[in-house]
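Data first, discussion second: the structure below is written as structure tokens.
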Amino acid sequence: MDVQSRGSFKGNIMTGWKRLGLLAALVLGLVMADAGAANLRSDGIHTQPWIKSLTFLDLKEDLAEALKAGKTGLVVLFEQPGCGACRRLHEVNFADKELVDLITANFDVVQINMYGSTEVTDLDGEETTERKLAEKMRINFTPTTIFVDRAGKEVFRVPGYLKPKFYKAAFEYVLDGGPQRGILFPRWNKERRSAERPARTGEARPGTVPSR
């Protein structure tokens, strides 16, 4: 092979590698785009694989299915397209495995688009739309997390975004029966934190010697 042929052969190899690299980058880009799109519904609402998607948005029926599955109740999550706080809820809170495990073990979750036009049957059996349901339930912020008990009654709500620690505490508050016992969430959370602290009387702090 003469010098000119070797140069041509080398050039073909380099061109081939460049084309292969471009193809790989294109495929990777498509895969990443698909992965990102999978987190958005067709109406622009962020979603999760464990959030109930096979639903006719008959909330009484959704609650019945949750109870039949041994869950404590139903969570109705109001969101809207382009909501930064909703996106943070999904990207931050729902990335917390412990939190997600707590939710999925005890509740079924359905999503409502605050400004959507999809038909919904509410917990009173009334047929309405997502937007009108949001108005009826006085939803002013997104995300808003509504907790529904076994009787189909709202027992607690989280209006707006909470950091994972406090959002998880809201679920624990409902599971502990705080609303049913008439204990306000801030008081319940304060009492729980106090109970979790080591008793100061007669208990040594780390690195100290108990007094005699």
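Odds and ends about this structure:
- If you go through the range 145-194 and keep only what is β-branched (Val, Ile, Thr) and over 22 Å from residue 92 (Cβ atoms), you end up with 148, 155, 183.
- Residue match in the range 74-88 (condition: surrounded by fewer than 15 Cβ atoms within 10 Å (Cβ to Cβ), among the small types (Gly, Ala, Ser) and over 22 Å from residue 135 (Cα atoms)): no
- Conditions (1) under 18 Å from the mean Cα position of the chain (by Cα); (2) more than 14 Å from residue 110 (Cβ to Cβ); (3) modelled with pLDDT of 90 or more; number of the one not met by residue 53: (2)
- Check on residue 106, over 20 Å from residue 86 (Cβ atoms), in contact with a helix residue (DSSP H, G or I) (Cβ under 7 Å, 6 or more places away or on another chain), among the polar types (S, T, N, Q) and in contact (Cβ under 8 Å) with a residue 60 or more places away in the chain: yes
- Matching entry among 106, 93, 113 (being in contact with a Pro (Cβ under 6 Å, 6 or more places away or on another chain) and either within 21 Å of residue 150 (Cβ to Cβ) or of a type in the set (S, T, N, Q) (or both)): 93
- Residues of the range 119-147 that are farther than 27 Å from residue 164 by Cα, in a loop (DSSP other than H, G, I, E, B) and free of Cβ contacts under 8 Å to residues at least 60 places away in the same chain: 124, 126.
- Condition met for residue 128 (of a type in the set (Ser, Thr, Tyr) and closer than 26 Å to residue 181 by Cα): no
- Test: residue 205 is assigned to a loop (DSSP other than H, G, I, E, B), modelled with pLDDT of 95 or more and exposed (fewer than 10 other Cβ atoms within 10 Å of the Cβ): no
- Residue within the range 119-129 that is of a type in the set (Ser, Thr, Tyr), within 22 Å of residue 54 (Cα to Cα) and out of contact with any strand residue (DSSP E or B) (no Cβ under 7 Å at 6 or more places or on another chain) present: no
The values are calculated or read from the model by the stated rules, or taken from the named source; none is laboratory data. Keep in mind it's a predicted model, so treat the numbers as computed, not measured. As a convention, Cβ positions derive from the backbone with ideal geometry for all residues, glycine included, and neighbour counts pool all protein chains shown.
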